[in-house]
Every structure is written in structure tokens, then in C-alpha cells.
Amino acid sequence: MTESQAPRIHRPPIVVLGVQQNDPPFRLVEIAGELAGKAHSVLDVIEIAREVGLDDVDLDDPDVVRWVGGDKFTWTSFWPRNRSHREHRG
């Protein structure tokens, strides 16, 4: 197989990782494979991108941004961190 026949794997320049529990929760942002910052909202993602020279980032374009563990509206984890299984039964 020649190089031109090999499948290409495209990695978007911005990767927003899953929610990290903290007070307040945050998501780590990687740009070009390097940790670029910590975001608490989509506005933070835009600001981090601008700081490295990426202006007018389309957060809905999968060729530009990869959202891991949720989309641009996911800023908290599904399960509360400090609740036991028994508390969920009510």
C-alpha cells in the first residue's frame, strides 16, 4: 500500500476533554496535541483558542473541535460525585 492509498486519520486542532470534577467543574483543552488550558464554559474554549492565534473558531465543526465526554453544552458530570448508590434510590 502506498502512502496515498493509506487511510488518513484527521485530528481536529482543538480537543476539549471530558468534565473534571472540581468546584466549579472544568474541561481541559488541548490545541495541536498540547495542553492549552482549563475551560469552565464555551467562552473559555474560545478565549483559549484566541490566545494561541485561532480566531473565529466554529465550535460545531468536527474538523476544528473534538468534544470528548459530551458536547459544548456539557459542563457538569452526570452523576454527583459525593452521593452513594443508596442515596440514588431515595
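The values are calculated or read from the model by the stated rules, or taken from the named source; none is laboratory data. From a predicted model like this one, the values you see are computed outputs, not experimental measurements. For neighbour counting, all protein chains shown are included, and Cβ atoms are generated from backbone atoms with ideal geometry for every residue, glycine included. To get the accessible areas, we keep the full protein, side chains included, count just its heavy atoms, and leave off ligands, DNA and RNA. Shrake-Rupley method; radii C 1.70, N 1.55, O 1.52, S 1.80 Å.
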Verdict on Ile48 being open to solvent by less than 60 Å² (accessible area, probe 1.4 Å), modelled with pLDDT of 95 or more and touching a Gly at 6+ places or on another chain (Cβ under 7 Å): yes
Residues of the stretch 20-45 being open to solvent by less than 50 Å² (accessible area, probe 1.4 Å), more than 16 Å from Val65 (Cβ to Cβ) and in contact with a Lys or Arg (Cβ under 7 Å, 6 or more places away or on another chain), which ones? Phe26
Within the stretch 23-66, the residues that are within 19 Å of Ser77 (Cα to Cα), part of a loop (DSSP other than H, G, I, E, B) and either basic (Lys, Arg) or touching a strand residue (DSSP E or B) at 6+ places or on another chain (Cβ under 6 Å) (or both) are Pro25, His40
I'd like to check something: does the stretch 59-74 contain any residue that is open to solvent by 50 Å² or more (accessible area, probe 1.4 Å), at pLDDT below 95 and over 14 Å from Val16 (Cα atoms)? no
